[in-house]
Amino acid sequence: MQGSRAERGGRAGWSATPSTLRRLVLVTVLSVLACTWSGTAKAAPTIPPTQELVTLYSSQAVRSAPSASATSLVTIAALRPITGVRTVLPVLGHATGGWLRVRLPGRPNGGTGWIRTWATAVAVTPWHIVVDTVRRRVLVYRAGRVARIFRAVVGKSSTPTPAGMFFVEEAVRLLPGDIGAPFALALSARSDVYQEFDGGPGQIALHGLTNIGGVPGTAVSHGCVRLGDGAMRWLVARIGPGVPVTITS
């Protein structure tokens with residue numbers, strides 16, 4: 001006597017042959033792997049096509065709110081301390097009465113505040129840098145699309161490259177004998193470990209490998225991001241003060 005439908009495989013027209021079972025096992029394994037990957041992979045940051053910037057022509061008192069009576073947080077100088085170029089800040093918002101919410105350099109990392117629009121000039125940039133410390137690479141976006149990808153040396157576990165939203169303060173041409181030559185892009189970010197480093201404020205920069213070394217794709221720095229000379233030359237020819245820098249971890 002023939003067995004029941006369940007005994008024959010559970011569904012009419014289906015038989016559990018060895019080849020079918022192998023396919024079923026393979027599909028199951030792939031499904032598990034897909035679920036595991038989707039659960040752990042981080043989505044790439046969404047990069048807008050442009051970023052509004054403001055250039056300062058006079059020092060500005062930064063307020064906690066868009067009001068002259070709001071708490072004064074800090075005063076931002078009109079010129080950057082290393083090269084003397086104009087201070088350029090990313091604009092995050094507007095308020096009536098001539099107020100701009102801007103991203104601030106220095107500690108605490110990621111600080112923001114409000115400045116007046118007087119003695120300023122507003123512009124936009126299509127550039128945006130993303131430092132991926134997990135994959136140890138730098139992605140350069142133009143108008144929301146990746147224009148270049150460079151392998152990089154990032155901070156080691158004891159002195160990690162700080163994650164967050166930052167910007168380029170100034171581009172610095174270094175002397176051949178300087179550490180990190182030929183160029184550095186000094187960032188608004190500061191080290192989470194060093195309050196002071198080599199006589200400076202623990203400022204994070206993208207810089208070259210000259211006189212310091214390191215293999216791109218490794219994590220051995222004190223927090224700065226090191227790139228090959230060709231990458232740095234390409235960057236400084238295009239990236240100026242105010243360009244936003246997103247560091248992910």
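Taken together, the values in this text are just the output of simple stated rules run on the coordinates, not laboratory data. Remember, it's a predicted structure, so these values are computed and weren't measured experimentally.
With Cα atoms defining each centre, the range 121-140 and the range 56-79 are spaced 26 Å apart in the structure. Its Cα gyration tensor gives the range 145-223 an equivalent ellipsoid; the semi-axes, largest first and in whole Å, are 17, 16, 15.
For q = 0.18 Å⁻¹, what log10 I(q)/I(0) does the range 59-205 give under the Debye formula with an equal point scatterer on each alpha carbon and no solvent? The Cα Debye sum returns log10 ratios of -1.22.
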